[in-house]
Amino acid sequence: MADDEPKKIETESPAEPPPVETSKDVAEEKTVIPPPPAEEKPSDDFKAVEPEKAPEPAEKKSDEGSVNRDTVLARVETEKRISLIRAWEESEKSKVENKAHKKLSAIAAWENSRKASVEAELKQIEEKLEKQKAQYVEKMKNKIALIHREAEEKRAMVEARRGEDILKTEETAAKHRATGTAPKKFLSFF
């Protein structure tokens, strides 16, 4: 008998009214006893009839109850097993998630430490290059200063030579004027 069907009580005497149906949500396992027939008087007979009729449905009910109880117990056992399986599954998923999260965190930490070491190395190289650049700039400035000094010395020498040549020329010109002779090499630069 399925659990969804309403329960019916069977009676043996045809004089009794039809069995009364109960809905499952109102009273799942309550037994409904139909009212006594109109012919009988509600007296001692009613009390005597009631105990006789009550055991029959109770016996059938106990058979049905044991079957229902077995199905309910089986259903409860199945639900318990399914619940345990779900709990185990959730636990395993949680373990997997935690393990993956831990590994991802370790990878992120490794990546960050490696990046930091490479960036520190890059910074050291940049500092070294900056120092080298400063040294090269200083060397170049020194070379420029040296070149400038040499150029000044050469200019000074040229100026001194020019002054000497001008004096020499003036002396020679004065000598020629005094003697009245003409220079031998006239316009020698042509």
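Okay, here's what the table says:
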quantity	calculated
Label-point separation, ARG162 to LYS95 (7 Å along Cα→Cβ), nm	9.9
Solvent-accessible heavy-atom area per residue, rounded to whole Å², over region 79-145 at 1.4 Å	98
Cα Rg, Dmax, region 111-181, angstrom units	30.0, 99
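The values are calculated or read from the model by the stated rules, or taken from the named source; none is laboratory data. Predicted model only: the values in this text are computed from it and were never measured. Counting neighbours? That spans all protein chains shown, and the Cβs are built from the backbone with ideal geometry, glycine included. These accessible areas exclude ligands, DNA and RNA; they are computed on the full protein's heavy atoms, side chains included. Shrake-Rupley method; radii C 1.70, N 1.55, O 1.52, S 1.80 Å.
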